[in-house]
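Colleague: Shown below is the structure under consideration.
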């Protein structure tokens, strides 16, 4: 009996050590990916704030899912609140207290939206940049121009945290937490024809905004790429 108890004790000890080693491997691997910095050339975007451009930018914000995560006033808010998986907050995009707008240049906006990279090079968590990566330069410039003019909202959001279960799922490739990992950071322009109308369609089948003084905005025919942010989050099961 003592022999079997000794063997069982050794087995339990080995199992505990194996779990501890695995936990360390998972943590170190995921932390390295979360802290990796991405470098790439700056995009060359011309951002204007004429009424037609701002109207088009607002249309993109309202129909392409920006408010689903960042809130109707773009002041940020909780996206995921599951401690074991993650606590993720969409940042305040305005120029109010706690907002990121005052610190972002046009190139910073471009990297965040189209390449999933924050200012400083860190990857943004659950930012759906794969869905925005195809935005034309004209559409992206209109979007950025509008974001730079939205009313300020005072709201400082907490820092994001990733829980042990979230790290394990991320490590196993079960959740696409970082869009930046799957985007070519060297591509800075999506304009096939640089001389095309600046207000090009956001996606195929979507009408463009006339370059005349009219600010009438055509209706989108596609659904939002980020409808109901929590439901579409990669940290949520379908």
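Colleague: Fewest Cβ neighbours within 10 Å first, please rank 38, 146, 27 accordingly.
Modeller: 27, 38, 146
Colleague: Return the FRET efficiency for the residue pair residue 122, residue 6: r is the Cβ-Cβ distance, R0 is 35 Å, and the value is rounded to the nearest 0.05. Kindly include the intermediate steps, with their values, before the conclusion.
Modeller: Working: r = 49 Å, r/R0 = 1.41.
Between residue 122 and residue 6 the formula returns 0.10.
Colleague: Also: Using 0.36 nm times the number of residues separating residue 44 and residue 81, minus their current alpha carbon distance, what extension gain do you get?
Modeller: Stretched out fully, the residue 44 to residue 81 stretch lengthens by 9.6 nm.
Colleague: Shifting gears a bit: Give the order of 37, 53 when sorted by the count of other beta carbons within 10 angstrom, beginning with the fewest.
Modeller: Ranked by crowding around the Cβ, least crowded first: 37, 53.
Colleague: Does the range 89-154 classify as rounded, prolate or oblate by the C-alpha gyration tensor (a ≥ b ≥ c root eigenvalues; a/c under 1.5 gives rounded; else a/b over b/c gives prolate, otherwise oblate)?
Modeller: oblate
Colleague: Could you work out how far apart the two model spin labels at residue 28 and residue 185 are, taking each label as a point 7 Å from the Cα in the direction of the beta carbon, and quote it in nm?
Modeller: About 2.2 nm separates the two model spin labels.
Colleague: Let me ask something else about it. Please rank 89, 56, fewest neighbouring Cβ atoms within 10 Å first, as an exposure proxy.
Modeller: Taking fewest neighbouring Cβ atoms as first place, the list is 89, 56.
Colleague: Once you have the Cα-Cα distance between residue 154 and residue 131, take 0.36 nm times their residue separation minus that, and quote the gain in nm to one decimal.
Modeller: Full extension of this stretch gives 5.4 nm more.
Computed from the coordinates by the stated procedures, all read-outs in this text should not be read as laboratory data. These numbers were taken from a predicted model, which means no experiment stands behind them. Every residue, glycine as well, gets a Cβ built from its backbone with ideal geometry; the counts of neighbours run over all protein chains shown.
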